[in-house]
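Sharing a structure below in structure tokens format, with a few things to ask.
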């Protein structure tokens, strides 16, 4: 996906935001509603299931935290470490937009 489309997605999610903190939570809310769960994924080479996002564990400094399951056990990891396996188009686009946003933050 090209940068113009990623910029458009970020703008869609954060248009009404006044600062980076608001932008983070607007993006979090958008991801919550636009990613289809459960989603097959990989974390550090291991196959897992992305089952949702962890709002209490997420913040601007740590980033979005994701809830994953493997072998009946649930844990929390940074969404940036989650690589979707064959996501539906919307989920894939929004995961890419989140990574792009992280990269732009520096």
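To the nearest 10 degrees, how steep is helix 20-34 against the longest Cα principal axis of the chain, on a 0 to 90 scale?
The angle comes out near 50 degrees.
Using only the alpha-carbon atoms, how far is helix 3-14 inclined from the longest principal axis of the chain? Give it as 0 to 90 degrees, nearest 10.
Between the helix axis and the principal axis of the chain, the angle is about 90 degrees.
Now for a different question. Given (i) 43; (ii) 64; (iii) 35, which label gives percent of Cα pairs over 20 Å apart as computed from the coordinates?
Here the calculated entry is (iii).
Let me ask something additional. Would you work out the relative contact order for the stretch 3-105, in percent, from Cα pairs under 8 angstrom that are 6 or more residues apart?
On the way: 140 pairs, mean separation 27.4, N = 103.
Relative contact order, the stretch 3-105: 27 percent.
Ignoring everything except DSSP H segments at least 4 long, calculate the 222 nm mean residue ellipticity for the chain; use -39,500 (n - 2.57) per segment, divide by total residues, nearest 500. Write out the running numbers ahead of the final one.
Numbers: 3 runs with 44 residues, N = 106.
So the calculated ellipticity at 222 nm is -13500 deg cm²/dmol.
Continuing with the same structure: Against the longest alpha carbon principal axis of the chain, how many degrees, from 0 to 90 and to the nearest 10, is the axis of helix 89-105 turned?
60 degrees
Between residue 8 and residue 99, with labels modelled 7 Å along Cα→Cβ, what's the label distance in nm to one decimal, could you check?
2.0 nm
A follow-up question, please. Say we join alpha carbon atoms closer than 10 Å with springs in a Gaussian network model of the chain; which of 78, 26, 90 then has the biggest fluctuation?
Judging by the Gaussian network model, the answer is 90.
Let me ask another. In units of 2.2 N^0.38 Å, what is the alpha-carbon radius of gyration of the stretch 1-50?
Working: Rg = 13.6 Å, N = 50, 2.2 N^0.38 = 9.7 Å.
With N residues counted in the stretch 1-50, Rg over 2.2 N^0.38 Å equals 1.40.
Under 10 Å, Cα contacts only: if you run a Gaussian network model on the chain, which one of 55, 12, 46 comes out with the highest mean-square fluctuation?
46
Of the candidates 31, 60, 50, which one comes out as most mobile in a Gaussian network treatment of the chain with C-alpha springs shorter than 10 Å?
Result: 60 has the largest fluctuation of those listed.
Values in this text are rule-based calculations from the coordinates and carry no lab data. Keep in mind the model is a prediction, meaning the values are calculated, not measured. Heads up, the Cβs are rebuilt from the backbone with ideal geometry, glycines too, and the neighbour counts pull from every protein chain shown.
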